[in-house]
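The values are calculated or read from the model by the stated rules, or taken from the named source; none is laboratory data. No experiment lies behind these values; they were computed from the predicted model shown. Because the Cβ atoms are built from the backbone with ideal geometry, glycine has one as well, and the counts that use them run over all protein chains shown. Only protein heavy atoms, including side chains, enter the accessible area calculation; ligands, DNA and RNA are left aside. Shrake-Rupley method; radii C 1.70, N 1.55, O 1.52, S 1.80 Å.
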Amino acid sequence: MSNPVTVEVTRGNRVESRHRGIAVVVDGEGDLITAVGDIEAPTFPRSACKAMQALPLVESGAADAYGFGNRELALACSSHSGEDAHVETAAAMLARAGRSVETLECGAHWSFDQATLIHQARTLDKPTALHNNCSGKHSGFVCACCHMGFDPKGYVGYDHPLQAEIRAVMADLTGAPLGRDNCGTDGCSIPTYAVPLVSLARGFSKMATGRGLGAARAAASRRLIEACMAEPFYVAGTKRLCTKLMQVAPGRIFAKTGAEGVFCALIPETGVSIAVKCEDGSARAAEAMVAALLARQFDKDSAEEAALLAMANHAMRNWNGLHVGDVRVTDALFS
């Protein structure tokens with residue numbers, strides 16, 4: 001199946017680039033509202049599924065035992081920019097469990113955000129694992145291990161008991177089989193599983209509604225989604241799209257990006273869930289798609305719709321501020 005062109009990028013009066021994409025929107029019952037492209041194609045969700053991976057932290061009682069509030073839970077679901085507040089919160093999470101940066105197994109990297117990178121270069125000799133965009137998630141993993149009585153050493157490995165817990169959670173939410181056959185290794189070294197994009201969307205819909213979940217899992221899911229919406233900065237960072245999307249309609253939008261052109265979003269009050277994948281891995285195309293599909297969930301001509309459409313279809317400017325082209329979604333996204 002050939003996926004349609006869902007995003008075009010213009011320069012002058014010509015289309016310079018085209019991005020093919022897959023998109024799915026389901027309602028609170030998991031029924032299809034929109035299906036574009038091969039929504040059954042196995043897709044690695046990458047960091048888009050971090051709220052699912054954080055469920056053992058809450059379900060085990062670790063979050064309560066260590067006194068975590070919305071900021072810590074949002075960071076456990078985050079792909080943060082490595083800003084000072086992110087780094088400090090991750091370190092504080094580890095300290096609650098009597099651990100430090102040395103326990104983290106995610107690796108270290110400089111920030112992907114230019115302003116934060118410049119700040120880091122001026123203040124650090126080199127980044128630590130706390131600056132890794134996944135350090136909040138990994139700090140949550142370490143805390144879950146310590147509370148559950150698991151040795152944190154090797155917690156990123158497929159056979160570690162924490163990863164077995166996460167695998168079971170994600171299988172329950174997505175309804176997709178997870179095992180070595182559809183397992184890859186994520187950028188932060190944990191297992192990542194290729195599942196149909198529609199299964200990912202349905203999993204997030206379940207998190208919003210509790211449909212088909214046990215009472216404890218439903219409550220933990222709501223708690224994580226609400227924490228992210230309450231503290232969007234800790235999910236991503238300054239000027240990041242996840243943060244901006246959730247700020248458009250506080251408490252009404254959950255959004256989480258993943259590497260290689262994956263993006264997921266939720267309207268928790270209705271259970272409507274959106275998942276997109278840009279075939280070539282482009283973040284700019286995935287961002288345009290998810291913003292456009294979110295816009296359709298709000299009243300026509302509302303402030304929310306206008307703000308979201310402005311994120312979906314926007315001008316490109318060069319270093320002199322000149323308008324040189326546009327990023328725009330195509331009609332194929334709504335077929």
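A few notes on this one:
- Karplus-derived 3J(HN,Hα), 6.51/-1.76/1.60, for each residue of the range 237-251, Hz, glycine and proline x: x, 4, 6, 7, 5, 3, 4, 5, 4, 5, 6, 4, 9, x, x
- Solvent-accessible area per residue, Å², over the chain with all protein chains present [probe radius 1.4 Å]: 41
- Cysteines having no other Cys beta carbon under 4.7 Å from their own, within the chain: Cys49, Cys77, Cys143, Cys145, Cys146, Cys183, Cys228, Cys242, Cys264, Cys278
- FRET E, pair Ala41, Leu213, Förster distance 22 Å, beta-carbon r, rounded to 0.05: 0.30
- Ranking Val156, Ala108, Ser60 by how far each Cα lies toward the positive end of the dipole of the chain (charges on Cβ) leaves Ala108 at the top.
- Computed from point charges on the beta carbon alone (+1 for Lys and Arg, -1 for Asp and Glu), the dipole magnitude for the chain about its Cα centre is near 320 Debye.
- Compared with the dominant Cα axis of the chain, that is its longest principal axis, helix 161-174 is turned about 40°.
- Of the accessible area of the range 5-333, computed with a 1.4 Å probe over protein heavy atoms only, carbon and sulfur atoms account for 48 percent.
- By average C-beta atoms within 10 angstrom, highest first, the peptides 71-81, 184-194, 28-38: 71-81, 184-194, 28-38
- Table column - 3J(HN,Hα) (Hz), the range 296-312, Karplus curve with 6.51, -1.76, 1.60, x for Gly and Pro: 5, 8, 10, 4, 4, 6, 7, 4, 5, 4, 4, 5, 5, 5, 5, 7, 6
- Taking amide H as placed 1.01 Å from N in the peptide plane, Thr43 has its amide H under 5 Å from the amide H of Val195, Leu197, each at least 5 places away in sequence or on another chain.
- Selection from Gln120, Ala306, Leu333 lying farthest towards where the dipole of the range 5-333 points positive, charges on Cβ: Gln120
- Taking each DSSP H run with n ≥ 4 as -39500 (n - 2.57) and averaging over every residue of the chain yields -11500 deg cm²/dmol at 222 nm.
- Here the spin labels are modelled as points 7 Å beyond Cα on the Cα-Cβ line, and at Ala194 and Arg122 they lie 4.4 nm apart.
- Along the range 129-136 the Karplus relation, 6.51 cos²θ - 1.76 cosθ + 1.60 evaluated at θ = phi - 60°, assigns HN-Hα couplings of 4, 5, 7, 4, 4, 9, 5, x Hz to successive residues, with x for each Gly and Pro.
- Put a dot 7 Å past the Cα of Gln114, heading toward its Cβ, do the same for Ser335, and the two dots end up 3.6 nm apart.
- At R0 = 22 Å, FRET efficiency that the Cβ-Cβ distance of Glu226 and Gln247 yields, to 0.05: 0.90
- Between Ala315 and Glu29, the distance separating the two model label sites (each 7 Å from Cα on the Cα→Cβ line) works out to 4.5 nm.
- Computing FRET efficiency as 1/(1 + (r/R0)^6) for Arg18 and Arg180, where r is the C-beta to C-beta distance and R0 is 30 Å, gives about 0.25.
- Total lysine pairs under 22 Å (Cα atoms) in the chain, excluding pairs fewer than 8 apart on one chain: 21
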